[in-house]
Amino acid sequence: MQIRDRVIEIIAEQAVLEPSDVTMDSTLESLGIDSLGLVESIFAIEEAFDISVPFNANEPEQSDFDISTVAAIVDGVEKLVKEQT
Amino acid sequence: MKKVVITGAGTINSLGQSVPDTLEAMREGRCGIGELEFRDVDRLAIRIGGQVKGFEPEKRFNRQQLSLFDRFTQFTIVAAREAVAQSGLEFRGELAARAGVVLGNSGGGMTTLDENYRTVYEDGKNRVHPFVVPKLMNNAAASHLSMEFNLMGPSFTVSTACASSNHAMAQAFQMVHGGMTPVMITGGSESMLCFGGVKAWEGLRVMSRDGCRPFSANRNGMVQGEGAGIFIFEEYEHARRRGAEIMAEVAGFAMTSDASDIVMPSKQGAARAISGAMADARVNPEEVGYINAHGTGTAANDKTESAAVADVFGAHADALMISSTKSMHGHLIGATGAVELLACIMAVRDGVIAPTIGYEEPDPECALDVVPNEARERHVDVALSNAFAFGGLNAVLALRRVSGN
């Protein structure tokens, strides 16, 4: 499975939606994912790809990991996976 | 109703192993936060904390006590010995029968849990020390304290996460206030600075890797501490008759529940607790000169707390001082309100306001006088101590200056 599809699956599960309802330009807010849901999603992503996501809930905009849209998250995960290999 | 005063205090925390040492550190704006030292710390992303260093339990306790006392119990007893010695009280006869202890604690014997999980899971052993249960239970410290000082009245532990010690002290206050007992020992104790304890907190992603900077625009999270704060709450006439030194009056308190979110704070819940404490203590907002903030250094707490204070005090919010001593000793979770009450005592008794250290950049969402970086001398009649826990459980205490002291 592609990184993109797996990330979407994780986010969809958190939002209690079908993966098809999650588009690349969706924001977590528009999907109804709150701060706890975000932290859980990041945990699930770390577990799925065996990576460490640099994200501090106190300063989301300053973290090295962009969470503004699903596309940004997918990009970030792809980068981290590549860095790891 | 009876007037309640504080006639003894004791502490151990990363700033000092006694009240005078701790208050001196607060006056000087010293930071007790540093590199954590314990097994497997290299597997943590968060490696700083307000850890108690240079503490030698084998010098304070005998062999049997050591086998039964988790670190949080050790802290409790050390702090209680200081508090009881200062009060000059001896618990015998009727006083012993009526006096008890209400202690705040959140995690119980975390170090004991961590070590013994390691033994069975990591080391694969099939046997643990026989005292694991009596060592780790949340009431162990309260029970050992009752044994150490012969307290046979109402004794129990209160657990409301970061508000535990404020809830505990409110209970003890109520008991003395209502005439149930002339003396209660109270406060809080916590020791979560072990691999499992910090690893769990790491998961929430609210911890800072580099420091606790409450109310500062560049704050990036909380830093954990450990230790205990213990107080003697005594009925005023009882204290006066025996010529006890009175540190401050416990004037009132309030508790509220946000009933909204398991981790996010609520401005309304905090505001109701602050105004409730003032109503209970029968003080006007204008009389409050100092607030020891919950001030965790997280984005969410500090702006919500600042907004609550602004709402409750209106124009007076700009005149009062509010500081977070967590910047120095870290967040002691279930013991934090107890150690922070020391800063309130220092304010009303000594007229010294502990600073918020690590303050680097003003945050328009926290536009209050946070006493940045340097302590201040100022006469204060009434001080409040805020504690707002995960789970939305809030408890605020009010201390009043005792005149002629």
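Only the coordinates and a few stated rules stand behind these numbers; no lab work does. Nothing here was measured: the structure is a model prediction, and the numbers come from that model. Reconstructed Cβ throughout: ideal geometry from the backbone, glycine too, with neighbour counts over all protein chains shown.
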Seminar exercise, completed: Long-range amide H partners of B:ASP369, meaning residues 5 or more apart or on another chain whose placed amide H is closer than 5 Å, are B:ILE322
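Roughly how crowded by other chains is peptide A:31-39, in terms of the mean Cβ count from those chains within 10 Å of each of its Cβ atoms?
Numbers: counts 0, 0, 0, 3, 7, 5, 0, 1, 5.
Taking the mean over all residues of the peptide, I get 2.
If Lys and Arg each add +1 and Asp and Glu each add -1, what is the summed charge of the other residues whose beta carbon sits under 11 Å from the beta carbon of B:ALA141?
Numbers: positive: B:ARG71, B:LYS135; negative: B:ASP70, B:GLU148, B:GLU190.
Taking every Cβ under 11 Å from that of B:ALA141, the sum is -1.
Run the numbers on chain A and let me know its relative contact order in percent, using alpha-carbon pairs under 8 Å that are six or more apart.
Working: 77 pairs, mean separation 26.7, N = 85.
Taking the mean separation of contacting Cα pairs over the length of chain A, I get 31 percent.
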Exercise. Loop-only check: which GluC sites (Glu not before Pro) in region A:19-70 are DSSP coil with at most 14 other Cβ within 10 angstrom?
Worked result: A:GLU29, A:GLU61
Problem set entry | Antiparallel content of DSSP bridges confined to the protein assembly as shown, in %, to 5 | 65 percent
Problem set entry | Inter-chain Cβ neighbour average for residues B:100-110, partner chain, 10 Å | 0
For this session: Report the antiparallel proportion of the DSSP beta bridges in chain B as a percent, rounded to a multiple of 5.
Result: 65 percent
Seminar exercise, completed: For chain B, averaging the sequence separation of alpha carbon pairs under 8 Å that lie six or more residues apart and dividing by its residue count, the contact order in percent is 24 percent
For this session: Round to the nearest 0.05 the FRET efficiency obtained for B:ALA367 and A:THR27 when R0 = 22 Å and r is the Cβ-Cβ distance.
Result: 0.15
For this session: Step through the residues of region B:145-152 one at a time and calculate ³J(HN,Hα) from phi using the Karplus curve (6.51 cos²θ - 1.76 cosθ + 1.60, θ = phi - 60°), rounding each to whole Hz and writing x for Gly and Pro.
Result: 5, 4, 6, 4, 10, 6, 8, 10
For this session: Go through region B:267-275 residue by residue and turn each phi into a ³J(HN,Hα) via Karplus (6.51, -1.76, 1.60, θ = phi - 60°); whole Hz please, and just put x for glycine and proline.
Result: 4, 5, x, 5, 4, 5, 5, 5, 5
Exercise. Hey, what number do you get for the protein assembly as shown at 222 nm if only DSSP H runs of n ≥ 4 count, each worth -39500 (n - 2.57), divided across all residues, to the nearest 500?
Worked result: -11000 deg cm²/dmol
Seminar exercise, completed: Non-local residues with an amide H under 5 Å from the amide H of B:VAL380, with H modelled 1.01 Å from N and Pro and chain starts lacking one, are B:GLY351
Exercise. If all Cα-Cα distances of region B:251-400 are sorted into 5 Å bins from 0 onward, what percent lands in each bin, rounded to whole numbers?
Worked result: 2, 11, 22, 26, 23, 13, 3, 0
For this session: Rank-order B:329-342, B:146-159 by packing density, defined as the average count of other C-beta atoms within 10 Å over each peptide's residues, highest first.
Result: B:329-342, B:146-159
Exercise. ³J(HN,Hα) across region A:58-67 via Karplus (A = 6.51, B = -1.76, C = 1.60, θ = phi - 60°), whole Hz, x for Gly/Pro?
Worked result: 6, 9, x, 6, 9, 5, 6, 10, 7, 10
For this session: Mind sorting B:PHE215, A:PHE55, B:PHE38 by how few other Cβ atoms lie within 10 Å of their own Cβ, fewest first?
Result: B:PHE38, A:PHE55, B:PHE215
Exercise. Check B:ILE33: other-chain or 5+ apart residues with amide H under 5 Å from its amide H, H built from backbone geometry?
Worked result: none
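Could the peptides B:293-301, B:99-107 be put in order, highest first, of the mean number of other beta-carbon atoms found within 10 Å of their residues? Write out the running numbers ahead of the final one.
On the way: B:293-301: 26.1, B:99-107: 29.0.
Result, highest mean Cβ count within 10 Å first: B:99-107, B:293-301.
Once you average over the residues of B:202-212, how many Cβ atoms of partner chains fall within 10 Å of each Cβ? All intermediate terms of the calculation are to be shown ahead of the outcome.
Working: counts 0, 4, 5, 13, 5, 3, 3, 1, 0, 0, 0.
That average works out to 3.
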